[in-house]
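The structure under discussion appears below in the form of C-alpha cells.
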Amino acid sequence: MNADITKTDWAPRVLVLLCNWPLYTQSDLAEVAKTREIPQVRVLKVPCAGRINPLFILMALQEGNDGVLVVGCPPESCHYKAGNYLSNRKLVVLKRFLEYLGMEEGRVRFEWIANPEQGGLSRLVREHYEHVKQFGPVEKLVRSHFASGPLSYSSP
Amino acid sequence: MKKIAKADMGRFIARLLEQYMVYAPVQVDDAIQFQEITTPSEAYLDYQNSTKSPKGVFLPQSEVLFRYNKGPKQVTVTPPEEIKKERVLLGVRGCDVRATLLLDAIFNTPVNPDVYYEEKRGKTIIIGLACSEPPSLCFCTSVGGTPFDRKGSDLFLIDISDAYLVDVLTDKGEKLLDDTLFRDATAADLELARKREAEALEQMPPPLEVKQLKDKLDGMVESPLWGTLAERCLRCGICAYLCPSCYCFDIVDEDYGSSGERVRNWDACMFSLYSLETSGHNPRPTGSERWRQRLMHKFNYAIGQCGDALCVGCGRCVQGCPVNIDIRKIVTDVMAS
Amino acid sequence: MDKLTQKIRQEAARLLADHQVDRVIGFQEGTLPLRSAPVIVHDPADVDKLVWNSFCGNNLARYLRGLGGRRVAIVAKGCDVRSIIALIVEKQFSRDQVVIIGVPCQRMIDWRKVAKAVNGEILRAEERDGELLVESKGFKRSLQRDDFIHSLCAACTHRNPIVYDILVGEPVEEAGQTPFPESAAFEERSPAERWAFYKDEMSRCIRCYGCREACPMCYCEECFVDHSQPSWIAKSVEPSAVQIWQIVRAYHQAGRCVSCGACERACPMNIKLLYLTEGLNDLAREMFDFETGLNTESLPPFATFDPDAMRDTAKQDGR
C-alpha cells in the first residue's frame, strides 16, 4: 500500500484531463507524447474542458490519483465557444470547496494553456507533479482498499 | 436471580472485553449510538433511547458478502472470514431484542437461513436492560411488548438504584457470570425490581387499538384516506433506517475492473427508487402509496405471515421524521375512519 | 402569533373557497413538543389545522414539486420565498402558479438546542411572550426564546419575503450577518483539522437521504447516487463513498442554496451540514457576487458565465 513507500522514492500518480484543442498539430502531439513519458502521469483527452463532470475529479482522487490537473483553453479560444468559461466556474468552485474542507492546496488544479505554446504542456505538468510530490500520497477520499479493508463497513 | 453492584459494572465489562467484542450504548455528541467499545467507561447505560437501533450488530448497514478477483485463468471468490471472537450486545432494551426475534423469523429460518445473519446471531450474547424510564414516545405495550420485556435476552439487567438485578435466562448468559462480582439477590432487591416494573408500566401511554388494525387494513387498500394521511412524507429513509424491525436490503456488485465485491446494503421501501420499474413506471409514485405500503407491511402483511406486527413501539421513527409523521397518529386515524 | 395564525387561516379559506388554488401548504400543530408539522390543506373546512409559531422550521417550498399545471398557495417565510424564486428561475413552475402567503420570519427555534439545555425528556412546550415554557417529568422551566434560535436564523439576512401575494404580519428588521459564523470559524482551522472534522462528522452518515429529500432544491428525478450502470459512487457506507456523496450534494447547491437549514434539521444523526452549504454560499458571494433567490432575473452562477471576469486571479484562480 502507498503508506509503506517513503516520500523520497515515491512518484505521484497524476491524472491530466487535457482538452483536445490546445494541442492538436503534429508538433503539439509530440509535446503530449513527451508529457506521457513522465512516470505515472496519465493523460486523458476530452473534447472540451466543459465536458468534464466535476465527479470525474472526485472519482480520480477516490481511485488514488495523487494529483488531478485539468487543462483547458484560454478565454475566447474555446472551440465550442463557452466550454472553458463554464468549466472554469464549475471546476474552480469544486477545487476551492475541496480545499475549504482541508484537501491539500494544489492537488487539484485547473489551468489553461495558450494555443500553441511550445513546451508549455510538459512544463505545466512537471510543475504540478513537483507540487503534488510535497504532499505525499493522497489519503483523503481514497476508497478503502478492499483487500485489506473490513468486510463490514459500518458499526451498528 | 443475581445482582451486581453498579460500582462493579466497570470490572465486569473489562472482563467481558478480554474475551468478547462488546457493543454498548455510547454517548456521541448529544445522541446515544450503539458502538463497539474498547474500554468500560465508554458504555453509557443510563440512557433513554438510542438514535439508531442496534440491529446493525446482526444486519450491518453495509456488509460485504464476498470479494472476487479475476485472474488470468480463474476467478477467486473470497467469502468473509469466520467470526473468531464472540460478541456481547450490552444494555439493549426489550423492544430492540423483540425486534431481533422478529428478524429471526425472516433471516434465521430453520430451512435456508441467511448464513451471514445466522453466524452473527449465533455468536452474540445479549445482555438486555429494563426500561425504567420509558420515553413518552414509546408504545411497546400497544404491540405486545413491555418495558421489562426480557424475552430473547440471555441476561436481563434491572436497575435497582445502586445495583442491577440480573435475571439469568440462558446458559449462554450464565457463562458470563462469576462469583466475585455477582451475588444472589435478596427479597428486598426483587421487591424493588417489581416496584420499578410497575412504575414503568404506569408511565406507558394507553395502548393503541392495534389488534383490530389488521382487519381494518384488510379492506383499505384502495381507500382514499391514504391520499391525505401522509401526504407530507418526504420519501427519505429515516424511519426505515432507524427502525429495529425494518429489514429490506439491496444487493449491489461494486466492480473495480478486475476485482470487486458484492455488498448488501440497507434499503427502504420509502425510497422512490425502491419500486421503480425498468420501464420507468412506479407503482408507488407518491409518499401516500409508500406510507400505505409501510403501514400495511408492519400491521397487516406481517401479522398475516408470522402473527406479529413488525413494530416494537420504540418511537424512533416518530422522533426522527423531519416532517413529524407520527405512526401513532396514523394508526389512530385509520382506526377512527 | 395568534393574529398571524388567524390571518393565515382566513386567507387560506378564501383562496380555497374561491377555487383560486388547489391546495394550501402550511404548518399544523406537531405531535411532538417544539415541532410543527407541514400540512397540505385541500378543503376550506380544514383550514383550522393551520398554525404559525416559532416551530415552523421546515422549508415548505419542498412541496412545490410536480405541480404540473396546478395553482397552489404556500405559507412562506423569508428563506422559503427565496427557494420559490430560485425554483422559478430554474423553470420548475411559473410565478403565477404560486400564491405566496408571505410571513416575515420571527426566527425559528432549534428544538435540539432546547433539548440539550433541559436535563430530561421534554414532554410539553409552549411559547408565550418571548418565553419558552418547557415541561419535563417533575419540573417546569422557563427559557428565553431568543437563546434558542437556530444558528442559521440568527445569521439570516433575508427574513422578510422578497416577493409575496399576501403579507401576513409586519416586516421585521434585517439584522443578520454574512459570512455565517460557523463556516467562518471552520475556515480559521488548519486544513488537517478541517478534514479531520469533516471525516468525523461523515462517519455517522447512514445514507438515509433525509438531507436530500428535505431540501427544496434537490428535485432531480434521478439523483447521482441512484444512477447505476455505471454508478458514480458505491451505495454503501464505505467512508470515501459517504464523503463524496456529501461533498457533491452540497456542491450541487452552489449558487442554489438559500440557507434554510432544512438539511441539518432533517439529519437524524445530528451531522453538521451547514458549514458545507454555507461555505459554498460564501464562495458564490465572493467569486460571483451571487446570492440565491433574490430576483427572477439573475441566473445562478453555473448557468452562465462572464467572459470578462473569467480569470480574476484573486477570485477564480484555478491554481
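For every residue, the table says whether it meets (1) open to solvent by 30 Å² or more (accessible area, probe 1.4 Å); (2) on the phi < 0 side of the Ramachandran plot; (3) touching a Ser or Thr at 6+ places or on another chain (Cβ under 6 Å).
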residue: C:Q6; (1), (2), (3): yes, yes, no
residue: C:L16; (1), (2), (3): no, yes, no
residue: C:Q20; (1), (2), (3): yes, yes, no
residue: C:V24; (1), (2), (3): no, yes, no
residue: C:V39; (1), (2), (3): no, yes, no
residue: C:A61; (1), (2), (3): no, yes, yes
residue: C:L64; (1), (2), (3): no, yes, no
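Just checking, which of C:A184, C:A155, C:A192 is more than 14 Å from chain A (Cβ to nearest Cβ) and out of contact with any strand residue (DSSP E or B) (no Cβ under 8 Å at 6 or more places or on another chain)? One residue alone meets the criteria, C:A155. All of A:L86, A:L69 fail the test of being within 14 Å of chain C (Cβ to nearest Cβ), assigned to a helix (DSSP H, G or I) and at pLDDT 85 or above, apart from A:L86. When C:D308 is tested against (1) without any contact (Cβ under 8 Å) to a residue 24 or more places away in the chain; (2) within 10 Å of chain B (Cβ to nearest Cβ); (3) in a helix (DSSP H, G or I); (4) open to solvent by 10 Å² or more (accessible area, probe 1.4 Å), only condition (2) is not met.
Mind listing just one residue for me: the one in region C:277-298 that is touching a residue at least 60 places away in the same chain (Cβ under 8 Å) and in a helix (DSSP H, G or I) and, of those, most open to solvent (accessible area, probe 1.4 Å)? Per the stated criteria, the residue is C:R285. Do we have any residue at all in region B:186-196 that's at negative phi, loosely packed, with under 15 Cβ neighbours inside 10 Å and not in a helix (DSSP H, G or I)? Yes, that holds for at least one residue.
Residues are listed down the side, and each one gets a yes or a no for (1) part of a helix (DSSP H, G or I); (2) among the hydroxyl-bearing types (S, T, Y):
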residue	(1), (2)
B:C239	yes, no
B:Y247	no, yes
B:N265	no, no
B:A268	no, no
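Every condition in (1) touching a Ser or Thr at 6+ places or on another chain (Cβ under 7 Å); (2) open to solvent by less than 10 Å² (accessible area, probe 1.4 Å) is met by B:V323 except one, and the failing one is (1). Counting only residues that are farther than 18 Å from B:F156 by Cβ and open to solvent by 40 Å² or more (accessible area, probe 1.4 Å), region B:110-134 holds 9 of them.
Go through the residues of region C:236-251 one by one and say whether even a single one is at pLDDT 95 or above and away from chain A (no Cβ under 11 Å). The answer is yes, given that some residue of region C:236-251 is at pLDDT 95 or above and away from chain A (no Cβ under 11 Å).
Looking across B:E191, B:E231, one residue alone is free of Cβ contacts under 8 Å to residues at least 60 places away in the same chain, more than 25 Å from B:P60 (Cα to Cα) and outside the structural domain of B:K329 (by TED's automatic domain parsing). It is B:E191.
Residue-by-condition table, conditions (1) of a type outside the set (D, E, K, R); (2) within 14 Å of chain A (Cβ to nearest Cβ):
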position: C:D129; (1), (2): no, no
position: C:L133; (1), (2): yes, no
position: C:K140; (1), (2): no, no
position: C:F148; (1), (2): yes, no
position: C:S151; (1), (2): yes, no
position: C:N160; (1), (2): yes, no
position: C:D165; (1), (2): no, no
position: C:G169; (1), (2): yes, no
position: C:Y198; (1), (2): yes, yes
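Per the listing B:L89, B:L65, the residue uniquely facing another protein chain (nearest Cβ under 10 Å) and within 26 Å of B:A193 (Cα to Cα) is B:L89. Name the residues in region B:144-156 that are out of contact with any helix residue (DSSP H, G or I) (no Cβ under 6 Å at 6 or more places or on another chain) and surrounded by 22 or more Cβ atoms within 10 Å (Cβ to Cβ), would you? Selection gives B:F156 alone. Of all residues in region B:61-74, exactly one satisfies the criterion of being surrounded by 22 or more Cβ atoms within 10 Å (Cβ to Cβ) and either without any contact (Cβ under 8 Å) to a residue 40 or more places away in the chain or of a type in the set (A, V, I, L, M) (or both), namely B:V64.
Residues in region A:84-98 that are more than 19 Å from A:F135 (Cα to Cα) and open to solvent by 10 Å² or more (accessible area, probe 1.4 Å): 4 in all. Out of all the residues in region A:46-66, which are without any contact (Cβ under 8 Å) to a residue 60 or more places away in the chain and facing chain C (nearest Cβ under 8 Å)? Hits for region A:46-66 are A:P54, A:L55, A:M59.
In this structure, C:R256 qualifies as more than 12 Å from chain B (Cβ to nearest Cβ) and not in a helix (DSSP H, G or I). Taking the condition at pLDDT 90 or above and open to solvent by 10 Å² or more (accessible area, probe 1.4 Å), does A:R123 pass? No. Only one of the numbered conditions (1) more than 10 Å from chain C (Cβ to nearest Cβ); (2) over 12 Å from the mean Cα position of the chain (by Cα); (3) open to solvent by less than 40 Å² (accessible area, probe 1.4 Å); (4) free of Cβ contacts under 8 Å to residues at least 60 places away in the same chain is violated by A:Y80, and that is (3).
Tallying residues that are surrounded by fewer than 17 Cβ atoms within 10 Å (Cβ to Cβ) and facing another protein chain (nearest Cβ under 8 Å) within region B:29-47 yields 3. When each of B:L242, B:L208, B:L213 is tested for being more than 22 Å from the chain's Cα centre (by Cα) and in contact (Cβ under 8 Å) with a residue 24 or more places away in the chain, the lone residue that passes is B:L213. Of all residues in region B:124-137, those satisfying the criterion of being at pLDDT below 95 and farther than 21 Å from B:L165 by Cβ are B:P135, B:S136, B:L137.
The values are calculated or read from the model by the stated rules, or taken from the named source; none is laboratory data. Quick caveat: nothing in here was measured; it's all calculated off a predicted structure. We place every Cβ from the backbone using ideal geometry, glycine too, and count neighbours over all the protein chains shown. Calculation scope for accessible area: heavy atoms of the full protein, side chains included, ligands and nucleic acids excluded. Shrake-Rupley method; radii C 1.70, N 1.55, O 1.52, S 1.80 Å.
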